[in-house]
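Step one of this worksheet: look at the structure below.
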Amino acid sequence: MNSRAERPNRREPTMADPLDTVTEAARSRLVDTLLADGAITSPAVEAAFRRVPRHLFTPSGVSVVAAYADDVVVTRRGPDGYATSSISAPWLQAAMLHAAHLQPGARVLEVGSGGYNAALIAEVVGPHGMVTSIDIDPAVIAHARTALDTAGYPHVAAVHADADEGWAAAAPYDAIIVTVETSDIPPAWTDQLAPDGVLVTPLRMRGHTRCLTLVRDGVHLVATNALVCGFVPMQGAGAAPVRQHQLRGDDVTVFVDDPVTEALDLRALPAALDGPRHDAWSPVTTPPGIPFDTLHLWLASQPHPHGLLAVDRQRAADLAPQNWGACPALLTADSIAYLATRQLDDTTWQFGAHGYGPRATTLTSRMLDLIAAWDRRHRHPPGPHIAVYPTDTAPSPTNHLRLLIPRPHTTIAITWTSNGQPA
Ligand SMILES: C[S@@+](CC[C@H](N)C(=O)[O-])C[C@H]1O[C@@H](n2cnc3c(N)ncnc32)[C@H](O)[C@@H]1O
């Protein structure tokens, strides 16, 4: 292949090569941005980002600018056009590297490959460490292998395997870094994790995905950190797509991700949207630009049936949800209430709820109560306690502030506390 013509960002660098200067300058700018944003907080992670040439891992045709933007680069799409593989955004890769507490000499399994992140890990763990990167897509592994070799990482293993099985041959691992969205923790991961190892994984809980840093606490895992994130969905044995209900064709969809809500017959719900919208506003407000992701998780943590509403901004503007892509909603068989916000002035946004259907008033008022409770007790750190139990050791739902989400291999428990005590 003529790499110069077909892959303009893939040339072998030489000292005199102007492309080399361009990519190094772009890489340097990216690292400076990640440092300024607080995404990189350790010298080891900074050194890794400064060394690994990200453009060597992007598909042909991706510009140097795009290769070194603090953004996702999609590398493969399925027949439906949705991304099945990507190079994750650098800020998130940096966060996950920090979360994994990687030390020189560590043994690491990366689940979901592409090569770039595996090379970053290899830099952090150094010459005495060991990195194995697995992917279910043989084309991803073939690409990762070539790019890793080209970039100078022939010692990183790229293996075609399903995440569900992990990779026992190189276990135990001091860290397992999962870079694909999962709704469960397969036993292979905990079996292959060293006793004091760290599992960093994007875990979907009632549709809300958080990148959890999980460590062992007896037979179960506890999260020491939870970061809002998004990843391509798991394929293979652990695939568990979220169930979708179209309420107004493709324009309004509700996503359902737990057995309680899945048991609800939602066939009457689309008719609710033909009626008037009921609005209710809360005294709780927020300044612009301040994240309130714990409010989303708090609304999802209720025993009440819950869904995530996705609304086409152009074709269904009348619904005006707080979040057009994924807005928390309380559901009954014939009614829905979802989170809303409105701007009161330059510094104040007000929370509220919009509802449709015969039970709209009850549901919106329930949502306002929940917003008030979040504001009083859960708005500020530490946020919820999240633990993952092997199914046969799951705790009982002892109080109404503990949500249990049963999955095939584990039960996820989300417990809300106030000042460290169950609220
Ligand atoms: C976001 S990409 C990985 C990004 C990569 N770690 C990087 O360098 O940025 C997620 C990958 O997970 C893979 N994947 C999906 N389901 C999988 C499974 N069951 N087992 C292994 N890999 C899987 C996809 O093929 C995709 O390449």
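The values are calculated or read from the model by the stated rules, or taken from the named source; none is laboratory data. Bear in mind that the values here come from a model prediction, so they are computed numbers and not experimental data. Cβ atoms come from the backbone with ideal geometry, glycine included; neighbour counts cover every protein chain shown.
The residue that is surrounded by the most Cβ atoms within 10 Å (Cβ to Cβ), among those in the stretch 364-410 that are at pLDDT 95 or above and among the β-branched types (Val, Ile, Thr), is Thr364.
Only one of Gly126, Gly105, Gly115, Gly152 is touching a Leu at 6+ places or on another chain (Cβ under 8 Å) and within 23 Å of Ala175 (Cα to Cα). Can you tell me which? Of Gly126, Gly105, Gly115, Gly152, the one residue that is touching a Leu at 6+ places or on another chain (Cβ under 8 Å) and within 23 Å of Ala175 (Cα to Cα) is Gly115.
Residue-level check: of (1) closer than 25 Å to Gly166 by Cα; (2) away from the ligand (no atom under 15 Å from the Cβ); (3) exposed (fewer than 15 other Cβ atoms within 10 Å of the Cβ), Arg107 misses just (3). Each residue in the stretch 131-156 was checked for being within 29 Å of His409 (Cβ to Cβ) and surrounded by 19 or more Cβ atoms within 10 Å (Cβ to Cβ), and 11 pass.
Of the residues screened, Leu227 is one that is assigned to a strand (DSSP E or B), within 16 Å of the ligand (Cβ to nearest atom) and either in contact (Cβ under 8 Å) with a residue 60 or more places away in the chain or over 22 Å from Leu295 (Cα atoms) (or both).
Looking only at residues in the stretch 71-90 that are in contact (Cβ under 8 Å) with a residue 24 or more places away in the chain and crowded, with 16+ Cβ neighbours inside 10 Å, the one that is farthest from the chain's Cα centre (by Cα) is Thr75. For the stretch 230-274, filtering for residues that are within 16 Å of the ligand (Cβ to nearest atom) and either over 18 Å from the mean Cα position of the chain (by Cα) or in a helix (DSSP H, G or I) (or both) leaves 3. Out of Val31, Val62, Val45, one residue alone is under 23 Å from Asp135 (Cα atoms) and out of contact with any Gly (no Cβ under 6 Å at 6 or more places or on another chain). It is Val62.
Look at the stretch 105-128: where a residue is in contact (Cβ under 8 Å) with a residue 60 or more places away in the chain and a partner is away from the ligand (no atom under 15 Å from the Cβ) and among the acidic types (Asp, Glu), sitting 6+ places away or on another chain with Cβ atoms under 8 Å, you get Ala106/Asp174; Arg107/Asp174; Val108/Asp174. Checking Pro195, Pro186, Pro154, Pro138 one by one, the residue that is more than 9 Å from the ligand (Cβ to nearest atom), farther than 21 Å from Cys211 by Cβ and not assigned by TED's automatic domain parsing to the domain that holds Ala48 is Pro195 and no other.
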